[in-house]
Amino acid sequence: MSSSVPFRMTVSPPTSDTPVTHELDLAEDYESLVMDACELLAETDCRFHVSGFGQDAWPVDVSYDLSSVIEQLPQARAALGRKDRAQIDFYGQGIERVISFDPVGEQVTMTCTTRTDWIPAPATETASLPDVEDMLAALAHDFRRALDRACPDIAAQEPFARW
């Protein structure tokens, strides 16, 4: 059963089109590139918003929490595309929650498991598979838009260039 605050993840791009100055090695592996990109985005007014499981605004940030989600995003999207189970681990200290996505037919049951004193209420939410896939695709797209504004050279790297 869905709560009044359905699970959502969104990125608000920086308001300025002025790129952030950096001296990064763009030949890095995917995870390092994501971490560096999120550190640069954190220097702007880019925002990462997560809600759901009874909490309207999760205590997440751009530099660490968004980085951890974007690192896991390709695998989660691919798994759901195959209608396989997926998960996204918000492993940052203080948030420490795992969202499991269990597709059955065209429905996805999302379960929030926490490793803190916070208790999700409800602990499960249900959405259509297309809605969950659209949310993850929109997150990727909005992350790319944020990079386009703040770090266009990073936005041109794979896989961001396809997002």
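The values are calculated or read from the model by the stated rules, or taken from the named source; none is laboratory data. Just so we're clear, the structure is a prediction, and the values are computed from it rather than from any experiment. Because the Cβ atoms are built from the backbone with ideal geometry, glycine has one as well, and the counts that use them run over all protein chains shown. Surface areas here come from the heavy atoms of the whole protein model, side chains and all, with no ligands, DNA or RNA. Shrake-Rupley method; radii C 1.70, N 1.55, O 1.52, S 1.80 Å.
Looking only at the stretch 49-75, how many residues end up being free of Cβ contacts under 8 Å to residues at least 40 places away in the same chain, surrounded by 17 or more Cβ atoms within 10 Å (Cβ to Cβ) and in a loop (DSSP other than H, G, I, E, B)?
Total meeting the criteria: 2.
Taking the stated definitions as given, is Trp163 open to solvent by 40 Å² or more (accessible area, probe 1.4 Å), under 18 Å from Arg77 (Cα atoms) and of a type in the set (A, V, I, L, M, F, W, C)? Working first, answer last.
Values: open to solvent by 40 Å² or more (accessible area, probe 1.4 Å): yes; under 18 Å from Arg77 (Cα atoms): yes; of a type in the set (A, V, I, L, M, F, W, C): yes.
Answer is yes for this residue.
One residue is enough: does the stretch 40-48 have a residue meeting the conditions over 30 Å from Ser128 (Cα atoms) and open to solvent by 70 Å² or more (accessible area, probe 1.4 Å)?
Yes - at least one qualifying residue is present in the stretch 40-48.
Considering the stretch 148-160 alone, what residues qualify as being in a helix (DSSP H, G or I) and open to solvent by less than 20 Å² (accessible area, probe 1.4 Å)? If you could, list the steps in order and put the result at the bottom.
Filtering the stretch 148-160 down to residues in a helix (DSSP H, G or I) leaves 148-150, 152-155, 160.
Within the stretch 148-160, Ala150, Ile154, Ala155, Phe160 qualify.
Limited to the stretch 119-147, what total is found for residues that are within 16 Å of Ser100 (Cα to Cα), open to solvent by less than 30 Å² (accessible area, probe 1.4 Å) and aliphatic (A, V, I, L, M)?
Of the residues in that region, 5 qualify.
Can you say whether Gln87 is in a strand (DSSP E or B), out of contact with any Asp or Glu (no Cβ under 9 Å at 6 or more places or on another chain) and of a type outside the set (Lys, Arg), as far as the supplied structure shows? Reasoning before the result, please.
Working: in a strand (DSSP E or B): yes; out of contact with any Asp or Glu (no Cβ under 9 Å at 6 or more places or on another chain): yes; of a type outside the set (Lys, Arg): yes.
Spelling it out, Gln87 is indeed in a strand (DSSP E or B), out of contact with any Asp or Glu (no Cβ under 9 Å at 6 or more places or on another chain) and of a type outside the set (Lys, Arg).
Going residue by residue through the stretch 95-103, is there one that turns out to be assigned to a helix (DSSP H, G or I), buried (at least 17 other Cβ atoms within 10 Å of the Cβ) and among the β-branched types (Val, Ile, Thr)? First the steps, then the outcome.
As a first pass, look at the stretch 95-103 and keep what is assigned to a helix (DSSP H, G or I): none.
No: the stretch 95-103 contains no residue that is assigned to a helix (DSSP H, G or I), buried (at least 17 other Cβ atoms within 10 Å of the Cβ) and among the β-branched types (Val, Ile, Thr).
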